[in-house]
Amino acid sequence: MTEHSALYVYALLPDRQGAADGVTGLDGRPVRLAGVPGTGLAALVHDAAPAPFQGGDDEVRRWVAEQSRAVTTVWERVGGLLPMTFNVLVAADPESGRSAEQCLGDWIREEHDSITGRLEALSGRCELRVEITLDRAAVTGGDPVDGTPADDADGRSPGMRRLLAKQREQRERHTAGELADALHATIRRRLLAVAEDVRDRAFTRRTADETGVLSAALLVRHEDVDAVGAVLSEARAGRPGLGIRFLGPWPPYSFADSPQEEHAEPA
Amino acid sequence: MPLTVDEKSLKHGVLSLVVTLVEVIQEALDRQAMRRIDGGDLNPEEAERLADALLELDEAMEQIKEDHGIVDSVADLHRGLDDVVDDVVDKLINPRRWAEEAGR
């Protein structure tokens with residue numbers, strides 16, 4: 001295998017001339033469109049060694065950010081693409097003598113209908129990320145929850161004071177949890193009225209004083225992004241302690257899962 | 001592919017996991033103790049003794065975390081465990097998620 005016998009694949013997209021001009025990817029490598037004649041499709045790629053990119057956490061974080069920048073730039077130019085996850089490589093096949101570009105082209109031809117279908121489904125749409133949390137202290141107003149003998153702690157031993165504090169915290173958690181469940185159902189239903197798809201995702205940022213309400217990726221038409229913002233503003237109005245993180249828009253990473261996950265074979 | 005193991009990192013990882021699990025047990029002990037105290041199973045002296053013993057355990061755990069520099073990793077693991085539990089509970093009570101998982 002030579003040093004550049006594989007292709008690092010960033011995304012699949014309609015073959016538009018010039019869409020990748022001037023765009024760089026991992027470690028500043030220039031990316032290009034590898035068109036597949038007769039399909040109208042192309043892959044956003046750069047040449048690579050047939051081995052996954054490996055490194056420390058900081059280095060991988062930088063690579064992922066570089067990949068994301070490249071994909072986003074091309075996505076903004078083209079309007080729709082299927083982004084790949086980190087480290088998707090297609091290697092040459094020495095047995096058949098096919099180059100990496102031929103292998104990738106053959107696969108795209110085989111999957112042409114499903115790729116085209118998915119591209120159409122995601123065209124004109126973006127992904128938004130929403131994370132909603134409740135500040136427990138704000139929910140209970142900073143006062144002890146009913147039934148918590150907070151004032152009884154005076155004169156108790158340190159161990160008993162600790163246990164009473166734990167009990168108070170548990171009740172606050174319970175109260176916030178019940179409110180979070182009710183809010184989750186309402187907000188999710190309202191989001192589904194303006195988003196085409198909602199997929200739950202783990203919280204990326206949550207402090208020990210917060211209870212999670214909803215963390216999800218939304219597939220949204222570009223023209224409906226403001227409507228999502230309006231739903232979230234409405235949810236926050238009059239609800240002290242409700243924290244909302246609203247990120248995006250970016251390419252629909254969370255919704256491009258077919259057919260890439262089922263068929264792509266990293267080198 | 002060769003697996004490279006950093007012994008120090010492995011030790012910290014295992015220790016963080018053990019301490020996190022002890023903390024989970026500790027929380028169960030705290031809840032059980034409160035239940036006993038609230039239920040009147042213990043007289044005031046017994047209750048104070050139990051509460052102080054749990055405080056000592058708590059202080060010992062904090063000391064171990066400080067000594068081994070695993071305060072943050074235990075907090076991360078604990079949060080991760082909470083998320084796993086949330087996810088499992090959500091799947092159990094929300095049948096729509098089964099279909100989503102099966103479809104992937």
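The values are calculated or read from the model by the stated rules, or taken from the named source; none is laboratory data. All of these numbers come straight from a predicted model, not from anything done at the bench. Cβ atoms come from the backbone with ideal geometry, glycine included; neighbour counts cover every protein chain shown.
Would you mind stating whether A:Arg129 is within 11 Å of another protein chain (Cβ to nearest Cβ), over 30 Å from A:Gly40 (Cβ atoms) and modelled with pLDDT of 90 or more? Spelling it out, it is not the case that A:Arg129 is within 11 Å of another protein chain (Cβ to nearest Cβ), over 30 Å from A:Gly40 (Cβ atoms) and modelled with pLDDT of 90 or more. Scanning the stretch A:3-35 for residues that are of a type in the set (Ser, Thr, Tyr) and either without any contact (Cβ under 8 Å) to a residue 40 or more places away in the chain or assigned to a strand (DSSP E or B) (or both) returns A:Tyr8, A:Tyr10, A:Thr24.
Is it true that A:Ala43 is in a loop (DSSP other than H, G, I, E, B) and either buried (at least 19 other Cβ atoms within 10 Å of the Cβ) or out of contact with any Asp or Glu (no Cβ under 9 Å at 6 or more places or on another chain) (or both)? It is false that A:Ala43 is in a loop (DSSP other than H, G, I, E, B) and either buried (at least 19 other Cβ atoms within 10 Å of the Cβ) or out of contact with any Asp or Glu (no Cβ under 9 Å at 6 or more places or on another chain) (or both).
Please verify whether A:Leu26 is farther than 24 Å from A:Arg118 by Cα, modelled with pLDDT of 95 or more and out of contact with any His (no Cβ under 6 Å at 6 or more places or on another chain), treating the condition exactly as stated. When the stated conditions are applied, A:Leu26 passes them.
Quick one: would you say A:Glu210 is modelled with pLDDT under 90, within 27 Å of B:Arg35 (Cβ to Cβ), within 14 Å of chain B (Cβ to nearest Cβ) and in contact with a strand residue (DSSP E or B) (Cβ under 6 Å, 6 or more places away or on another chain)? When the stated conditions are applied, A:Glu210 passes them.
Condition check ((1) surrounded by fewer than 17 Cβ atoms within 10 Å (Cβ to Cβ); (2) touching a Gly at 6+ places or on another chain (Cβ under 8 Å); (3) outside the structural domain of A:Met84 (by TED's automatic domain parsing)) across all residues:
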{"position": "A:Gln167", "(1), (2), (3)": "no, no, yes"}
{"position": "A:Ala180", "(1), (2), (3)": "no, yes, yes"}
{"position": "A:Leu192", "(1), (2), (3)": "yes, no, yes"}
{"position": "A:Ala195", "(1), (2), (3)": "no, no, yes"}
{"position": "A:Glu210", "(1), (2), (3)": "no, yes, yes"}
{"position": "A:Asp224", "(1), (2), (3)": "no, no, yes"}
{"position": "A:Gly229", "(1), (2), (3)": "yes, no, yes"}
{"position": "A:Pro240", "(1), (2), (3)": "yes, no, yes"}
{"position": "A:Phe246", "(1), (2), (3)": "yes, yes, yes"}
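Residues that are within 30 Å of A:Arg188 (Cβ to Cβ) and more than 12 Å from chain A (Cβ to nearest Cβ) are absent from the stretch B:50-65 altogether.
Looking only at residues that are touching a strand residue (DSSP E or B) at 6+ places or on another chain (Cβ under 6 Å) and within 12 Å of chain B (Cβ to nearest Cβ) in the stretch A:193-205, which one is nearest to B:Leu77 (Cα to Cα)? Applying the filter and picking the extreme gives A:Phe203. Note on the stretch B:12-44: among residues that are without any contact (Cβ under 8 Å) to a residue 24 or more places away in the chain, assigned to a helix (DSSP H, G or I) and small (Gly, Ala, Ser), the one that is nearest to the other protein chains (Cβ to nearest Cβ) is B:Ala33. Residue count for the stretch A:171-199 under the criterion of being in a helix (DSSP H, G or I), within 20 Å of the chain's Cα centre (by Cα) and hydrophobic (A, V, I, L, M, F, W, C): the result is 4.
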